[in-house]
Amino acid sequence: MTDKPSLPIVENFSRRAAVKGGFATLGAAAFVAAVSPLRQAASDKSAAEFMQQHYTELSPEQKADVIARLEAETKQNYGAEVTIGDDRPIPGTKFVYAINLSVCNGNGNCVEACHKENNHDRSTNQSYIRVLEMPMGTMDMEQGTTTYTGAVPKDGKFYLPVQCQQCDEPPCVDVCPVKATWKEEDGIVVVDYNWCIGCRYCEAACPYHARRFNWKKPEVPAEEVNPDQSYLSNRIRPVGVVEKCTYCLHRTRRGKLPACLEACPTGARVFGNILDKDSNLRWILENKRVYILKEELGTKPAFFYYFD
Amino acid sequence: MSSITASADEKSHITSYPKFIGRSLWLATEGSFAFYAWMTMLTALFLVGANAWANQVAGGMIGTNMTDQVSWGLYIANFTFMVGLAAGGVMMVIPAYLYHDRKMHDVVIIGELLAIAAIVMCLMFVVADLGRPDRFWHMMPIIGKFNFPISMLTWDVIVLNGYLILNLHICGYLLYMRFLGRQPNPTWYIPFVMLSIVWAISIHTVTAFLYCGLGGRPFWNTALLAPRFLASAFVSGPAFIIVAMVLIKRLTGIGGLDQPIETLTKIIRVTILVNLLMVASELFTEFYTGGAHVSAAKYLFFGLHGKTALVPWTWTAIGLNVTAALLFLWPGLLRFRWRPLLVAACCMAFVGAWIEKGMGLIIPGFIPSTLHEIVEYVPSQLEWKVTVGIWAFGLMVFTIAIKTALPTLKQPAKH
Ligand code: SF4
Ligand code: SF4
């Protein structure tokens, strides 16, 4: 080849190097300026938070530290005094929920109770429960609507509350690339909000629209914060992660009932331990006509619907 | 003696490889006024995108128009398309090495450089889509917690990064040998080139599996998704390379590109028809069968319950794809004086595939939602800025890569 060698023009070389260097410096400075909002974002997050390991890998001491930090942060960011527990599953328990569709009248009290109990963002009015108004005689959700208004119940309609079904074959768990979500021994599917990377793959995978993403930092006025919290449950979530219904594990693992059940005025909701032979719930599952949603998908819900 | 041949004193690769990279970068930033103007424009666009992204991280993803119903939007749409572009780059390799097309040997590196730029863009789009980019390290094997082999996303991380490394190796090796003034040793790159063919198919198949493995999303839950992805990738990749080669020829006067352009045109002629055939058979199954599965397709093509945000996108894509297909079928397209028409046809096929793989595939998967709510999605300005920024960065990478390879391209291979 007869190409000229590239570097012999020495006098040009240093001048060009200077010009290029100048441009590179300029570009780098412009880049730093462009991404400066990141500094603001970084100042909200502590190094301890960044380094924190997965929930299942924390030693008891580390867990205690993490929880103390989270409580302090809630005080600082929300002005609320809270206690965050680390409620673990009770051996020999498998929680199951059932709803009597003959009784549910679509009043939506459960939706509201969930919103308050779980410290959801006030401005987006988030809740883990959605109620569909459905025409009588069909289980086809395509015919339903979640945005109904007016007095309930309406003639010719029935109401189908949907929330996380705590699937036994949960697609949301399978797809998570970082194991930020998993199923616990008592059947509750949980999320480590401090491990989730916010890819929202689980949201795409869940067939029941049960997952919510924190598109912004949740806003809850200090006096409305529910102070009884748990690490894997209703503590105020960080921005940029997903969350979901946990069957109120901060209540149910302490022997109480879920908030949505307590709020329901019609008594349509039944909650209990399916391993307990004498439970009301067990009797219903054995004696009623029971349905599960989207059975054909093989998700094996721990959530049942029945008619009288 | 050629422009980037090393001085004779180099002994060890440990010192001479960095020297090669430095020299390449130096040369890649040499150029005409038009080149500097182009790079300046790309840098400016990139900075706009970087700033928009920084704001997104600071303020939360509320700045995007995504919702809990439509939880993936423009970013994942572009990601999907870029995977296709990366896989499509391999269409240079197949004729060159499987069919021993000598002319392709000289320019095969263009396809590999495109793959590198496209994968870099893929990774950037994924990061842009993360709610918590500060936790990216959770995704790394060993130090993070890697859900392998169950999560398809972890597979995707592996195959994409593997493909990136593979192509960096092939390109790096070939160019480095030129720099040293040596003949490349086939044992050091031919096996990798063959592997890259399989690998290219795997990256797009795995990406399709991300979607078609979700039982709750009937629009994606079709076995045809992976083959459809590949067919459209083998349109968009070659289309991009044809336009790039026409430009390279114009701007640098490098010869020997006409025959590769012809080969690629012939490839598109087939793949574009295969793609249309698959789209048609999918539509037939959807609409003739009817039932619950059809609502997303109905929404996409005709709108549902008065909501029609995607309809214009879809019909634009169909119009572009069909027109491009007709042009490619016309033998005269290869004639030299019809070059502008060939470029136009490539652009149409490219944009058509972009819409089809993006707004036409990802978004309707979420509409109606799993509870049959119809929540529409139109990307926000912030999302467009980030997207343009990433495209500008990708073009920057591609431009620099091509400039690095120019001395090699100028010289016909001797094997
Ligand atoms: S309902 Fe959705 S979020 Fe709940 S366990 Fe099943 S797949 Fe996961
Ligand atoms: S959003 Fe979080 S929980 Fe869901 S798949 Fe991604 S990392 Fe896992």
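A few notes on this one:
- Residue in region A:196-206 that is more than 12 Å from ligand 1 (Cβ to nearest atom) and touching a His at 6+ places or on another chain (Cβ under 9 Å) present: yes
- Residue in region A:256-277 that is within 14 Å of chain B (Cβ to nearest Cβ) and either acidic (Asp, Glu) or within 16 Å of ligand 2 (Cβ to nearest atom) (or both) present: no
- Test: residue in region B:273-283 that is open to solvent by less than 20 Å² (accessible area, probe 1.4 Å) and in a helix (DSSP H, G or I): yes
- The lone exception for B:His204 - which of (1) assigned to a helix (DSSP H, G or I); (2) surrounded by fewer than 20 Cβ atoms within 10 Å (Cβ to Cβ) it fails: (2)
- Taken over region B:150-167, residues that are more than 16 Å from ligand 2 (Cβ to nearest atom) and within 11 Å of another protein chain (Cβ to nearest Cβ) amount to 1.
- Looking only at residues of region A:150-168 that are more than 16 Å from ligand 2 (Cβ to nearest atom) and within 26 Å of A:Arg237 (Cβ to Cβ), we find that the one that is most open to solvent (accessible area, probe 1.4 Å) is A:Asp168.
- Output for region B:58-84, where each listed residue is open to solvent by 30 Å² or more (accessible area, probe 1.4 Å) and at pLDDT below 95: B:Ala58, B:Gly59
- Residues that are on the phi > 0 side of the Ramachandran plot and open to solvent by 50 Å² or more (accessible area, probe 1.4 Å) within region A:288-308 comprise just one, A:Lys300.
- Count - residues of region B:217-261 that are farther than 30 Å from A:Cys172 by Cα and over 21 Å from the mean Cα position of the chain (by Cα): 11
- Considering A:Ala151, A:Ala98, A:Ala113, the condition of being over 13 Å from the mean Cα position of the chain (by Cα), closer than 26 Å to A:Asn273 by Cβ and more than 16 Å from ligand 1 (Cβ to nearest atom) is satisfied by A:Ala113 alone.
- Residues of region B:31-57 classified as open to solvent by less than 40 Å² (accessible area, probe 1.4 Å) and within 8 Å of chain A (Cβ to nearest Cβ), total: 4
- The set of residues in region B:364-415 that are in contact with a Phe, Trp or Tyr (Cβ under 6 Å, 6 or more places away or on another chain), closer than 30 Å to A:Thr147 by Cα and among the hydrophobic types (A, V, I, L, M, F, W, C) contains only B:Ile367.
- Region B:299-415 holds helices (runs of 4 or more DSSP H) entirely within its bounds, and those carrying 1 or more residues that are basic (Lys, Arg) and in contact (Cβ under 8 Å) with a residue 40 or more places away in the chain map to B:339-357, B:381-410.
- Any pair with Cβ under 8 angstrom, 6 or more apart, that starts in region A:179-204 at a residue that is more than 7 Å from chain B (Cβ to nearest Cβ) and ends at one that is open to solvent by 10 Å² or more (accessible area, probe 1.4 Å) and of a type in the set (Phe, Trp, Tyr): A:Asp186/A:Phe95; A:Gly187/A:Phe95; A:Ile188/A:Phe95; A:Val189/A:Trp182; A:Val190/A:Trp182
- Taking the criterion of being without any contact (Cβ under 8 Å) to a residue 60 or more places away in the chain and part of a loop (DSSP other than H, G, I, E, B), the residues of region A:126-146 that qualify are A:Ser127, A:Met136, A:Gly137, A:Thr138, A:Asp140, A:Gly144, A:Thr146.
- Test: A:Phe50 is among the aromatic types (Phe, Trp, Tyr) and either farther than 30 Å from A:Lys216 by Cα or in contact (Cβ under 8 Å) with a residue 60 or more places away in the chain (or both): no
- The one condition in (1) away from ligand 2 (no atom under 16 Å from the Cβ); (2) of a type outside the set (Asp, Glu); (3) away from every other protein chain (no Cβ under 14 Å) that A:Leu297 fails to fulfil: (3)
- Among (1) open to solvent by 40 Å² or more (accessible area, probe 1.4 Å); (2) away from chain A (no Cβ under 14 Å); (3) modelled with pLDDT under 95 - the single one B:Arg339 does not satisfy: (1)
The values are calculated or read from the model by the stated rules, or taken from the named source; none is laboratory data. This is a predicted model, so every value here is computed, not measured. Every residue, glycine as well, gets a Cβ built from its backbone with ideal geometry; the counts of neighbours run over all protein chains shown. Side chains are part of the model used for accessible areas, which takes the heavy atoms of the whole protein and leaves out ligands, DNA and RNA. Shrake-Rupley method; radii C 1.70, N 1.55, O 1.52, S 1.80 Å.
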